[in-house]
1. Read through the list (1) surrounded by fewer than 19 Cβ atoms within 10 Å (Cβ to Cβ); (2) over 10 Å from the mean Cα position of the chain (by Cα), then give the number of the only condition that Ala151 fails.
2. Tally time: how many residues in the range 211-254 are in contact with a helix residue (DSSP H, G or I) (Cβ under 8 Å, 6 or more places away or on another chain) and over 21 Å from Pro196 (Cα atoms)?
3. Taking Leu71, is it under 19 Å from Gly206 (Cα atoms), open to solvent by 40 Å² or more (accessible area, probe 1.4 Å) and aliphatic (A, V, I, L, M)?
4. Counting only residues that are under 14 Å from Val299 (Cβ atoms) and either surrounded by 24 or more Cβ atoms within 10 Å (Cβ to Cβ) or touching a helix residue (DSSP H, G or I) at 6+ places or on another chain (Cβ under 6 Å) (or both), how many does the range 183-193 have?
5. Could you count how many residues in the range 114-148 are open to solvent by less than 90 Å² (accessible area, probe 1.4 Å), charged (D, E, K, R) and closer than 25 Å to Arg217 by Cα?
6. Residue check: is Pro287 over 21 Å from Glu197 (Cα atoms), at pLDDT 95 or above and open to solvent by 10 Å² or more (accessible area, probe 1.4 Å)?
7. Please specify each residue of the range 243-258 satisfying the condition of being surrounded by 15 or more Cβ atoms within 10 Å (Cβ to Cβ) and either part of a helix (DSSP H, G or I) or among the basic types (Lys, Arg) (or both).
8. Hey, among the residues in the range 259-277 that are exposed (fewer than 15 other Cβ atoms within 10 Å of the Cβ) and free of Cβ contacts under 8 Å to residues at least 60 places away in the same chain, which one's nearest to Ala201 (Cα to Cα)?
Amino acid sequence: MAGNNRRMSGKKGAQVGSGGQRRRGLEGKGPTPPAEMRKGHAKQRAAQAKNRRAQGRPQQRRGSGRSSSELVVGRNPVVEALREGVPATTLYVQQFIDNDERVREALQLAAERGGINLMEAPRPELDRMTNGLNHQGLVLQVPPYEYAHPADLADAAYDEGEDPLIVALDGVTDPRNLGAVVRSVSAFGGHGVVVPERRAAGMTAGAWKTSAGTAARTPVARATNLTRALETYQKAGITVVGLAADGEAELGDLDALEGPVVIVVGSEGKGLSRLVGETCDLRVRIPMPGGAESLNAGVAAGIVLYEAARRRA
């Protein structure tokens, strides 16, 4: 009865209602917003990149990482690294070293470039730094490489009003191949290279040397998971094309090169991994009348990038 008396009382309690949801549901969601206002749309990213540039703020490298510092050891490797413009912070020179031609050239190159510290160190200290390697009295310290985020490469392309042209490497472990790909991307107007974080070549001194200095202006991005990075590109409207000897299409018939595209190159011998191959929108083969079974990553990427540049000209 007490419950009934409360219900019959004149006091107003909480009332159950729709909260206006039914009325709002009938009103609809309104007109479709323009592409620049739709989250994740390529035009929205391009507009955001343009705004960042107009405001004079540096573009944020989301999730960017650094490699560990590296030592180039030995007289010839040090001189070659300095000749090729490999970034360096410090040149260590052994005390009382025999002053031959290579030592003099290393000192001269470091002084001419500027920004490289010259440090004299006793031989036991250099032995400790290099874990007993035959350093011959010269050790060059290479700073950690600052990787971009994969999305930064596409954003930079849209910021310039261009369709992204990106190369992703799957299972390529030779830094020289990475350097060659960076050089080709730079030569043919590409917007960067994506490498996996694990079990893949990184931007070492060897990669810098092979790139012949183009690594200074061609960004390399590192993906925690390459498959997910490719899927993100696809969601942004970018076609992902994998190179494979048994590809269903031939390079000369690939119209996708004229638009936003990511070219995925696998390792020599193994090719694309299973998951990456299944993620690609299309697998393409390079015709080889000479009968070669495969091409290394640097050569294969260069051929496709040339074809892309020719179509876009």
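1. It fails just one condition, (2).
2. Result for the range 211-254: 5.
3. Yes: the conditions hold for Leu71.
4. Result for the range 183-193: 4.
5. Summing the residues that are open to solvent by less than 90 Å² (accessible area, probe 1.4 Å), charged (D, E, K, R) and closer than 25 Å to Arg217 by Cα in the range 114-148 gives 0.
6. Details: over 21 Å from Glu197 (Cα atoms): yes; at pLDDT 95 or above: no; open to solvent by 10 Å² or more (accessible area, probe 1.4 Å): yes.
Judged against the criteria, Pro287 is not a match.
7. Residues satisfying the conditions are Leu251, Ala256, Leu257.
8. Gly269
The values are calculated or read from the model by the stated rules, or taken from the named source; none is laboratory data. Worth saying up front: this structure is predicted, and the values here are computed from it rather than measured. Note that we place each Cβ from the backbone using ideal geometry, even for glycine, and neighbour counts take in every protein chain shown. Calculation scope for accessible area: heavy atoms of the full protein, side chains included, ligands and nucleic acids excluded. Shrake-Rupley method; radii C 1.70, N 1.55, O 1.52, S 1.80 Å.
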